[in-house]
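Read the structure below first, then the notes.
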Amino acid sequence: MLDPISAIKNPQDLLETAAQATDEATLRELSRFAAGQQGDPWALAHAFVLWKLGESTELIEFLIPKQENFSSTAQYWLLLGLAYREQSLDDLARSCYFRALQLDDRRSDIHYNLANLLQADNPCLAEHHYSIALSLDPMHHACLHNLAMLYLGLDFFDKAEILIKRALCIDPLNSQAWCNLGLCMFNQDQYYSAEKCFLLALALNPRHSQSCVNLGNLLVSDSKPDIALPLLEQGVQLNPASHDALFNLGICHLLLGRFETGWNFYQSRLQTKLIPE
């Protein structure tokens, strides 16, 4: 096995190695190596490795004392914002992202992460930053997908469909994207295409709970509750907290004449978007 440290001559080498690393052991080794180096570029590289490791608390503790050194560095504010977001400190994350954009507004990743943060509360501003991110990096498949999900939530199904198809051209093995394309098709009454999308999502990831539920829901709508039942049961097993899955399972049991079980599950409708807050 090749030693990942042996090829690292500078901070950029470390960043590239960390970006490609997928196993925790390698990232831990890179973190230990970076911690032993001196200089600001190495510190930022080390911060990126901590982010890859998901160590948001440690990353915040690592970055805060270095704020004076990096106050004019966009990467510093982006990484700090990402760490705050992971801790659900959204106001602090938003401030960091805006500070990063003030320093460098030509970075697609900063616009993308800011848009992710804004999506729920300010979809118009989120759309703006997603669009800028895509103008800077048209091949950013996650950005294409997330903007599509924004449109899907606003019932702009045709726009969402176009974007998800673009994302799938770049990342065709993404089960979540196939599932969401199926939702676009379902909401446009293209049931055959929706079913194919859900089936493909499950072929890529048999444990994709949302695809199980969506395909089951489609089959219930097509008056096939007996076929839908095992899919919905699997969806609930994979994600017991999904109120949509429980609600659809309730409908399925009711259609099959299993009223006591069906009505118990049907109560989950109160926690779905079918019932206004």
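Structure notes:
- Cα centroid separation, segment 38-60 to segment 205-277: 43 Å.
- With Cα atoms, 0 to 90° folded angle of helix 24-35 axis to the chain main axis: 20 degrees
- Label-to-label distance, nm, for residues given as residue 156 and residue 227 (7 Å Cα→Cβ offset): 3.5 nm
- Contact order relative to length of segment 180-263, as percent, for alpha carbon pairs under 8 angstrom and 6 or more apart: 20 percent
- Once both labels are positioned 7 Å from their Cα atoms along Cα-to-Cβ, the gap between residue 259 and residue 12 label points is 7.3 nm.
- Cα-based equivalent ellipsoid, the chain: semi-axes from gyration tensor eigenvalues, Å: 42, 21, 19
- Over all other residues within a Cβ to Cβ distance under 10 Å of residue 184, the charged ones net out to 0, with Lys and Arg as +1 and Asp and Glu as -1.
- Segment 139-225: relative contact order as a whole-number percent, Cα under 8 Å and 6+ apart: 22 percent
- Reachable aspartates and glutamates from residue 165, criterion Cα separation under 20 angstrom, eight or more residues apart if same chain: 127, 137, 155, 189, 195
- Rounded tilt (10° steps) of 40-53 against the dominant C-alpha axis of the chain: 20 degrees
- Taking Cβ atoms as reference points and 15 Å as the exclusive limit, the residues near residue 132 contribute a net charge of -3, counting Lys and Arg as +1 and Asp and Glu as -1.
- The angle between the Cα long axis of helix 225-238 and the main principal axis of the chain comes to about 30°, on a 0 to 90 degree scale.
- Proximal lysines relative to residue 9, as straight alpha-carbon distance under 27 Å, when same-chain residues fewer than 8 apart are discounted: 52, 66
- Mean Cα-pair separation over length for the chain, i.e. relative contact order, pairs under 8 Å, 6 or more apart, %: 7 percent
- Two-site FRET efficiency, residue 87 against residue 207, from Cβ-Cβ distance with R₀ of 25 Å, rounded to 0.05: 0.35
- Once the Cα-Cα distance is subtracted from the 0.36 nm per residue extended length, the residue 32 to residue 270 segment shows a gain of 80.7 nm.
- Solvent-accessible surface of the chain, taken per residue with a 1.4 Å probe and all protein chains present: 53 Å².
- Exposed-loop-free span, longest in the chain, where trypsin sites (Lys or Arg not before Pro) count as exposed if DSSP calls them loop and at most 13 other C-beta atoms lie within 10 Å: 107-206
- Size-normalised alpha-carbon gyration radius of segment 130-277, reference 2.2 N^0.38 Å: 1.10
- The alpha carbon centroids of segment 150-178 and segment 79-134 are separated by 21 Å.
- Ranked order, 22, 272, 57, 73 - accessible area, probe 1.4 Å, largest first: 22, 57, 73, 272
- Spacing of the two label points (7 Å from each Cα toward its C-beta) at residue 170 and residue 68, in nm: 4.1 nm
- Segment 189-265: Rg to Rh, with Rh as the Kirkwood radius over Cα pairs: 0.97
The values are calculated or read from the model by the stated rules, or taken from the named source; none is laboratory data. Please read these numbers as outputs of a predicted model, since none were measured by experiment. Cβ: placed from backbone, ideal geometry, glycine included. Neighbour counts: every protein chain shown. Keep in mind that these areas ignore ligands, DNA and RNA; they rest on the heavy atoms of the full protein, side chains included. Shrake-Rupley method; radii C 1.70, N 1.55, O 1.52, S 1.80 Å.
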